[in-house]
Protein chains: 2
Amino acid sequence: MTEPKTPDDAATPGPVKKPARNGKSSATIYDIAKVTGVNPSTVSRALSKPGRVSAKTLKLIEDAAAELNYQVNPFARALPTGRTSTFGLIVADITNPTFFDIIRGAETTAAVRDYTLVLAESAESAVTELTAARRMMATVDGLILASPRMDDDDIRTLARDKPVVVINREVDGVPCVVPEVNKGIGEAVRSLAANGHRKVAFVAGPAQSWMSARRWDGVQAACEWSRLEAVRLESAKPTVDGGRQVARDVLASGATAVLTYNDLLAIGLMQELQAAGVVVPDQISIVGFDDIFGADFTTPPLTTVRSPLGACGSSAARLLLDLLQGTGEPAGTLRVETELVVRGSSGRLLS
Amino acid sequence: MTEPKTPDDAATPGPVKKPARNGKSSATIYDIAKVTGVNPSTVSRALSKPGRVSAKTLKLIEDAAAELNYQVNPFARALPTGRTSTFGLIVADITNPTFFDIIRGAETTAAVRDYTLVLAESAESAVTELTAARRMMATVDGLILASPRMDDDDIRTLARDKPVVVINREVDGVPCVVPEVNKGIGEAVRSLAANGHRKVAFVAGPAQSWMSARRWDGVQAACEWSRLEAVRLESAKPTVDGGRQVARDVLASGATAVLTYNDLLAIGLMQELQAAGVVVPDQISIVGFDDIFGADFTTPPLTTVRSPLGACGSSAARLLLDLLQGTGEPAGTLRVETELVVRGSSGRLLS
DNA sequence: AATTTTTTGGCCAGCGGTTGCCGCGGCTGG
DNA sequence: CCAGCCGCGGCAACCGCTGGCCAAAAAATT
């Protein structure tokens, strides 16, 4: 009575093992082999080694595969080969719009090349980031680190294991995609100088942020060149809230123009200053970085040094995929340009 | 001469197979078994079947595992079991901030439960969405569909295969997480009525959007209740640009208050109206939906019917994970509340 | 026509875990 | 004192696909 003898019912699965969850498990190369009368390994080759089997059997197998609606089992494939057609992207903060464009760029490029994107966030913490990265390493072919907070050495260690591409930071020996800030900053500072500003403040981002340091360097250099005084202020977090909190320091600094590490800070700062009755840009000019979604919603709309974030994301993905599939390993640093986008939050100083 | 006899060199890998990419491949349960002197199956059980082995050997194995820095190979595990500790999230548009919070909510919940999130986007297309979903099904344990554009039937078909949770839409027989719009809409419409408005327009979203239909229903019902006239307008795309484009229709409609399918539309609409010299909210009130990032950056800040997007994301993930791990299958619809957030873009009609 | 070379397909040993089944030793109970 | 049960560990059969190796068949060469 164990076998109710289902009469014409479709193929009673012999060993009652793992039917995908409902009844019909999906087809395997063995099913195809049985149908076509060839060996499973031939099916495998037909499906993944172009040219390894004769045109005739290839056709035979492809037809059967289509018929059975076969799809490879990625796990079964990954096991012997180690290839997973998957790569990871770790961002510092998922809710930070800066990363939205990066994520989208990477996802789009991945999809085009038939790769799958796995996402994780580090919550701006170096250790969380490293943990996430380690976890991912087991399951992906490569990794993109956007604005990583961990050590250069940790990154290099990771990179020894599988291909890694870094965005928004330059790490020796690891392929990177970094916005070249100097052009945009130069434009911003010159514009400020031309508008009569003499002292500019820079609100820095996270201490571990390589990009924050670059931007500060750039601001200093540009200010020196334009004979402006530059002061550096610290922020607690690179968020709207952080921007609000830094407002009093900005006021205290006596600067008439301020560049902030990112747009979020700029927006928060502007909100707080306006709430305190300061008129932007008449009394103080504000310039952000990145040109995130929403930067043009504010009143006045935010002047900002734009980084092509979406391009960074897709370039990084492309770099990684080339590394993965391709032969040569260029592994250099890819620099993308930045540019000043003048909107309403910066301008001539009135007073 | 095939075996160069490397003397004290660290373990020459016998078969020159697949060293993780550099030299040292990662440890397997076999390595642990060798070190501890037990059978691999015992190691497997120790690591995944709590209580199946004695406390003593468990300790032994755990120590060895820590020592060797062992991590399970997810693929090897997935092969026999079918479980992958992974779930997919498909969103209509990655760049739409509405989804940011959903993504984050889901990612966070996933991480807590040691699951990995795989992300894909459908670009607002039903077919792309279905394709992506099918592809994912092979590699994930379950799927979250945020604002799906495909047929109910397609969704149900998918759901027969693996657990599926839907956000922002109600599909019979599939667990869903939907914001209950009526409360928020009621508040919005009453507030509008109280401010002297008599005719309100609703700018609809994508035709396939279930949520857009719900919102329109809600607006109609609330308007009827408050004895207001409601007209429906169509938008080309549920984006800022779409909002801009619909501005002339809004003006032509003669409505003095407008609710839009989402905040993006509201923002675009407001920008365009203001550019045309219309004063918001004095001449026209605007109310959005969702309360996305940036909704409070505008001038005036946007009044909106907030949906708890982050909560939707994490609830959906929790639902899915419960379904996956848990025993019972509740599979109902989870309703979350919405509320009106009054900011500056709505108010008393002056004229 | 005989031989060498190239195709083409079969065989089989894994990849790293999981799991059903079995057996052994110890504890309990009659 | 012995049967019976339970806890714990070993054995081995997969999961679905890949790839090295080899032999048969086909094509090219002499």
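Worth pointing out:
- Counting only aspartates and glutamates at least 8 places from B:K199 when in the same chain, those with an alpha carbon closer than 19 Å to its own are B:E187, B:D217, B:E224, B:E229, B:E234, B:D249, B:D282.
- Residues whose amide H lies under 5 Å from that of A:V203, counting only those 5 or more places away or on a different chain, are A:L233, A:L259, A:T260, A:Y261; hydrogens are built 1.01 Å from N in the peptide plane.
- For chain A, built as a Gaussian network whose Cα springs stay under 10 Å, the top-fluctuating residue of A:G254, A:G205, A:G37: A:G37
- Between A:A222, A:A138, A:A33, the Gaussian network model of chain A with springs among Cα atoms under 10 angstrom shows the greatest mean-square fluctuation at A:A33.
- Evaluating 6.51 cos²θ - 1.76 cosθ + 1.60 at θ = phi - 60° for every residue in the range B:150-165, the Karplus couplings come out as 7, 4, 4, 5, 4, 4, 5, 4, 4, 5, 6, 7, 9, x, 10, 10 Hz, glycine and proline recorded as x.
- When each of A:K49/A:K162; A:K34/A:K56; A:K34/A:K59; B:K34/B:K56 is checked by Cα-Cα distance, pairs over 21 Å: A:K49/A:K162
- Taking other residues whose beta carbon is less than 11 angstrom from the beta carbon of B:S44, and scoring Lys, Arg as +1 and Asp, Glu as -1, yields +4.
- When B:Y30, B:Y261 are compared by accessible area at a 1.4 angstrom probe, the order from most to least is B:Y30, B:Y261.
- Candidates A:I286, A:I102, A:I61, ranked by Gaussian network fluctuation over chain A, Cα under 10 Å, top entry: A:I61
- Neighbourhood net charge (15 Å Cβ-Cβ; Lys/Arg +1, Asp/Glu -1) for A:L340: -3
- Shape call, the range B:29-72: gyration tensor on alpha carbons, a/c limit 1.5: rounded
- The protein assembly as shown, accessible surface, carbon-and-sulfur percent (1.4 angstrom probe): 52
- Three-way shape label, chain A, alpha-carbon gyration tensor, a/c 1.5: prolate
- Shape call, the protein assembly as shown: gyration tensor on alpha carbons, a/c limit 1.5: oblate
- About its Cα centre, the range A:200-351 has a charge dipole of approximately 140 debye under the convention of +1 per Lys or Arg Cβ and -1 per Asp or Glu Cβ, with nothing else charged.
- Hz values of 3J(HN,Hα) by residue in the range B:99-108 - Karplus curve (6.51, -1.76, 1.60), Gly and Pro given as x: 7, 4, 5, 5, 4, 4, x, 5, 4, 4
- Heavy atoms of A:W210 accessible to a 1.4 Å probe, total area in Å² rounded to 10: 50
- Solvent-accessible surface of the range B:180-308, averaged per residue with a 1.4 angstrom probe and all protein chains in place: 36 square angstrom.
- Close amide H partners of B:G88, meaning residues 5 or more places away or on another chain with modelled amide H under 5 Å apart, are B:V118, B:D141, B:G142, B:L143, B:I144.
- Dipole of chain B, positive direction: furthest Cα of B:V200, B:L145, B:L60, with charges on the beta-carbon: B:L60
- Cβ-defined net charge surrounding B:D172, 14 Å radius [Lys, Arg +1; Asp, Glu -1]: -2
- Relative contact order (%) - criterion: Cα under 8 Å, at least six apart; region: the range A:180-308: 24
- Scalar couplings 3J(HN,Hα) for the range B:61-71, obtained by applying the Karplus form with A = 6.51, B = -1.76, C = 1.60 to θ = phi - 60°, are 5, 4, 4, 4, 4, 4, 4, 7, 6, 6, 9 Hz; x denotes Gly and Pro.
- Interface B:A - total buried accessible surface [probe 1.4 Å, Å², rounded to 100]: 4300
- Nearest 10 degrees, 0 to 90: helix A:210-225 Cα axis against chain A principal axis: 30
- For B:G344, nonlocal amide neighbours, meaning residues 5 or more places apart or on other chains whose placed amide H falls under 5 Å from its own, are B:L302, B:T303.
- Within the full protein context, the accessible area of A:T28 is estimated at about 60 Å² for a probe radius of 1.4 Å.
The values are calculated or read from the model by the stated rules, or taken from the named source; none is laboratory data. Keep in mind it's a predicted model, so treat the numbers as computed, not measured. Please note: Cβ atoms are built from the backbone with ideal geometry, for glycine as well, and neighbour counts cover all protein chains shown. Just so you know, the surface numbers come from the protein's heavy atoms only, side chains and all, with ligands and any DNA or RNA stripped out. Shrake-Rupley method; radii C 1.70, N 1.55, O 1.52, S 1.80 Å.
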